[in-house]
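Values quoted throughout were computed directly from the atomic coordinates according to the rules given, and no laboratory measurement underlies them. Because the structure is a prediction, the values reported are computed rather than measured. Cβ placement follows ideal geometry from the backbone for every residue including glycine, while neighbour counts extend to all protein chains displayed.
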Amino acid sequence: MRQTPNSSKLPNTEKQSFVSASVVAERYNVSSRYILKLAEEGRIPSLRIGKKCVRFCLEAVSAVLEERD
């Protein structure tokens with residue numbers, strides 16, 4: 001499992017569940033493409049698994065997005 005540079009913002013992952021960009025997007029009423037863009041820019045924490053699979057910890061993403069408001 002390869003970690004992206006912004007994965008250091010992730011909490012201890014042993015008991016965290018990870019979700020797809022579409023789940024995060026639905027929660028925040030934005031497109032999954034926008035969520036992936038934020039992750040690629042390093043603005044939200046993500047975990048890249050393989051070449052195409054990106055997962056998000058909702059708790060970590062929520063903390064970052066709510067901090068920005």
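Residues with amide H under 5 Å of Ile49's amide H, sequence separation 5 or more or different chain, H placed in the peptide plane at 1.01 Å from N; which?
For Ile49, whose amide H was placed from the backbone, the distant partners under 5 Å are Val54, Arg55.
Tell me, in nm to one decimal, what length is gained between Glu67 and Gln16 on full extension, where the rule is 0.36 nm per residue of separation less the Cα-Cα distance?
Details: separation 51, 0.36 × 51 = 18.36 nm, distance 1.99 nm.
The span from Glu67 to Gln16 would gain 16.4 nm if fully extended.
Taking the highest mean first, how do the peptides 18-28, 49-59 order by number of other beta carbon atoms within 10 angstrom per residue?
18-28, 49-59
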